[in-house]
Amino acid sequence: EAGVVQSPRYKIIEKKQPVAFWCNPISGHNTLYWYRQNLGQGPELLIRYENEEAVDDSQLPKDRFSAERLKGVDSTLKIQPAELGDSAVYLCASSRQGLALHGYTFGSGTRLTVV
Amino acid sequence: SQQGEEDPQALSIQEGENATMNCSYKTSINNLQWYRQNSGRGLVHLILIRSNEREKHSGRLRVTLDTSKKSSSLLITASRAADTASYFCATQIQGAQKLVFGQGTRLTINP
C-alpha cells in the first residue's frame, strides 16, 4: 500500500509570509496527526483528527496555525504569518485506530525554513 | 511537553556489537512504542509493547517494559551499519488517544 504522502518536501519562506503543507494519509486510516519536530528533538503533536473532526488541537498555536481535513481524507496545515521560530520539520501521520494499537505510519515530512 | 526521557542521547558502537537504549516516562500508559528515524526522513514504527507485557521480540530487536519503574529499554543485537539512525520511544498515555515522544537517542554504528 502507498504510504503517507506529504508535500512539499522542503519549503523556504521569508518571515511573515504564509505557508501550507499537504498530507494524504493511508487509505482507510481514519485518524490523522500533525506533529512538529524541532532539530534534535522528538515530534510534538499539533493536532489530531478523527475523520474530519479535530478532536485534539490543544497544542496548536491558534493565532497563526490552522488545519483542515475536508471529507476526512487529505489534510492541510497552514501557518500565517510564519515566524522564525516556526522553522522545523512538520510530520503527518495516520493510523487505523485512534488508540494506535498498531503504531502510526509517518510521512517523510516537510522541512520548513523561515528566513 | 515531552513525557519521555531517553538515555543516552547519543551512542556510538562498532558493527556487530549490541546497542541498548533506555526510555523513562512519567505517567501511566496504555502502551509504549519505539520508532526509528533516518536522517531527513519520517519515523518508522519498530515495535509496540502493551502495559501488561514485560518483554517483546521482533527480529534483532528486544524491548522490555517495567511499569513499576516507568522505564523501557530497546536492545538491538548484532548491530549493522544500516541501524545508524535516531531512535525514539513514544508512550500512549492512559486516557489520552495520542502518542507522546521522547527526545531520542542518536545511534551510530561504525563499520
**chain A, relative contact order in percent, only Cα pairs under 8 angstrom and at least six apart counted** = 37 percent
**Message:** Considering only C-alpha atoms, what is the centroid distance from region A:52-100 to region B:15-29, in Å?
**Reply:** 29 Å
**Message:** Give me the net charge for the shell around A:Arg48: Cβ to Cβ below 11 angstrom, other residues only, Lys and Arg +1, Asp and Glu -1.
**Reply:** -2
**Prompt:** Which net charge results for the neighbourhood of A:Arg9, defined as the other residues with beta-carbon distances under 14 angstrom from its beta-carbon, given Lys and Arg at +1 and Asp and Glu at -1?
**Reply:** +3
**Item:** Amide H contacts under 5 Å for B:Lys98, placed H, 5+ residues apart
**Value:** B:Ile93
**Asked** Which residue, A:Gly72, A:Gly85, A:Gly40, tops the fluctuation ranking in a GNM of chain A built on C-alpha contacts under 10 Å?
**Response** A:Gly40
**Request:** May I have the count of lysine pairs in chain B with C-alpha atoms under 17 Å apart, counting pairs 8 or more residues apart or located on different chains?
**Result:** 4
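We did not get these values from a lab; they are worked out from the coordinates using the rules stated. These figures come from a predicted structure and were not determined experimentally. Neighbour counts run over all protein chains shown; Cβ positions are idealised from the backbone, glycine included.
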